[in-house]
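Asker: Starting off with a structure, shown below.
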Amino acid sequence: MQDARSLCSVSARIRILRTAADLFHKQGVRATTPGEIIKASGVGKGQFYRHFKNKDILVHEVLRSFLEAVKKDKAPVRYDVTSWQDLENFFLSHIEFQRKFSMTRSCPIGTVGNEANEGNDKIREDICLIVDVMKSKLATFFVAEKTKGRLQKDLEPKVLADFCVATVQGAMLLGKVSRNSRPAEAAVREALLHLKSYATHSSIEPGKCQSNRRPETSRAGHQEIAR
Amino acid sequence: MRSRKVNGETTRLRIIRVAADLFHKQGIRATSPDQIIDASATGKGQFYHYFKSKEGLIHEVLQAQMEALRMSTGFVNTEINSWQHLEHFYAAFVKLQKSFNMSRGCPIGTVGNELNEGDELLRNDVNLIFEILKNKLSAFFIKEKAQGRLSAEADENRMADFCIATLQGAMLLGKIKRDARPVEATLKEALLHLRRYATNPEAAK
């Protein structure tokens, strides 16, 4: 009896978290009421409030689950990047993820982050943590490439990581607003071109530059940089 | 009679201005009509006389922002005829964000991010604003290309998409971090990328 009940309780908690995460992604935190989450997750009101005293705590728990997923590389998008191919996948899988929702949603983390106004320091701190993990994973790749001499020496890995996260967020917003993956993909492909232009020639295997519409060398100013 | 009409227009504009500021500050969902009525010192009857619903008001706010961007009468000069103008275009957004201590994102992007499947009218408004900005940007790139100053391989539309995406993403990141550095760093990288399409990078400075 005790076991079955606590098992039930665990699954109810997880169901609430999953439902809330989905609703926050779909319509934002502000537009989602506890009532909606209770209804959509099929738990009782009492059960809901037993697990989560209020909405703020639930938001925090949802964001913590996002943080864990990104940390452990179990998010829908992989942030553990160890090659240029991985980096390309990183960019494109964001758009692929968006397509699953017919381009009606942006990034779950960006959507909540956009709502972090002056009074919402708790949410903002949670989002900051997630963004920092994303950035450090990306920066790790750039550091590794730099160490191997495959990236220009004067580059700041943190800056490149900021550039990656920002472009992906902006591209997804563009995709959501236009309900079209084309501008989102165009933006991330330009970003990739930019990053690859920093690589020294030998580090990007031929054939792995498929994302570029044209060979890197045909590009006016970029070849100078790559040299 | 005439002055009443003038007063009416002043009230309408005041409501739009106050609403635009609240939407920018806290988003459309977190802003109630009552808050706007309070902050604009308007009567409830007056408010609903001008705006039938909150959605109608958001639509009017976006229309006003669209006009300001189209006519270049707002905080940013959207007439881009040189690389320096493009740089100033980016800088105007950063300046706006800094004026709010990095606590707000882009006024347009903030609303765009909050939209969901049911908001077709408003999504259309935000999309139109992005299209207007993109057209202004791509027009510059097309002009540069026509004059042989841009690589033949450069794709003006993709470059414009990239401009808007980097700008929006950078501002969102800046708001989340309450820090202008990632914004400036991202936009600097974006400009570097765009300028490398110039046939004479030196002249593009």
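Read-outs: derived from the displayed coordinates by stated rules, not from any lab. Predicted model only: the values in this text are computed from it and were never measured. As a convention, Cβ positions derive from the backbone with ideal geometry for all residues, glycine included, and neighbour counts pool all protein chains shown.
Asker: Note down the Stokes-Einstein diffusion coefficient of chain B in µm²/s, whole number, using a Kirkwood radius over alpha carbon pairs, 10 °C, and 1.306 mPa s.
Answerer: Approximately 86 µm²/s, per Stokes-Einstein.
Asker: Other chains' Cβ within 10 Å of B:97-104 residues: what's the mean?
Answerer: For this peptide, the per-residue mean of nearby foreign Cβ atoms is 1.
Asker: Right, something else. What lysines could a cross-link reach from residue A:53, if we take a straight Cα to Cα line under 21 Å and drop same-chain neighbours fewer than 8 places away?
Answerer: Within the straight-line limit of under 21 Å, residue A:53 reaches these lysines: A:39, A:45, A:122.
Asker: Next question, about the same structure. Taking R0 as 56 Å, what's the FRET efficiency between residue B:192 and residue B:38 from their Cβ-Cβ distance, rounded to 0.05?
Answerer: E between residue B:192 and residue B:38, to the nearest 0.05, is 0.75.
Asker: Another question, if that's okay. Please state, rounded to one decimal and in Å, the Kirkwood hydrodynamic radius that region A:105-168 gives when every pair of distinct Cα atoms enters the mean of 1/r.
Answerer: Evaluated on region A:105-168, it is 13.0 Å.
Asker: Under a point spin-label approximation (7 Å from Cα along Cα-to-Cβ), what is the residue A:10-residue A:200 distance to one decimal in nm?
Answerer: 5.1 nm
Asker: How many angstrom lie between the C-alpha centres of region A:10-29 and region B:57-105?
Answerer: 36 Å
Asker: Another one. Taking only DSSP H segments of four or more residues, each worth -39500 (n - 2.57), what value at 222 nm results for the protein assembly as shown once the sum is divided by all its residues, to the nearest 500 deg cm²/dmol?
Answerer: It comes out at -23000 deg cm²/dmol, rounded to the nearest 500.
Asker: Now for a separate question. Treating cross-link reach as a plain straight distance, find the lysines whose alpha-carbon is under 22 Å from the alpha-carbon of residue B:95, omitting any fewer than eight places away in the same chain.
Answerer: B:25, B:134, B:136, B:175, B:177, B:188, B:205
Asker: Follow-up. Using a basic spin-label model with each label point 7 Å from the Cα along Cα→Cβ, how many nm lie between residue B:139 and residue B:55?
Answerer: It works out to 3.2 nm between the two label points.
Asker: Using a simple spin-label model with points 7 Å from Cα along the Cα→Cβ vector, what separation in nm is obtained for residue B:99 and residue A:33?
Answerer: 3.7 nm
Asker: Roughly how many Å is it from the Cα centre of region A:49-120 to that of region B:147-184, as a whole number?
Answerer: If we compute the Cα centre of each part, the gap is 22 Å.
Asker: Can you give the average number of partner chain beta-carbon atoms within 10 Å of each beta-carbon in peptide A:98-104, as a whole number?
Answerer: For peptide A:98-104, the averaged partner shielding equals 1.
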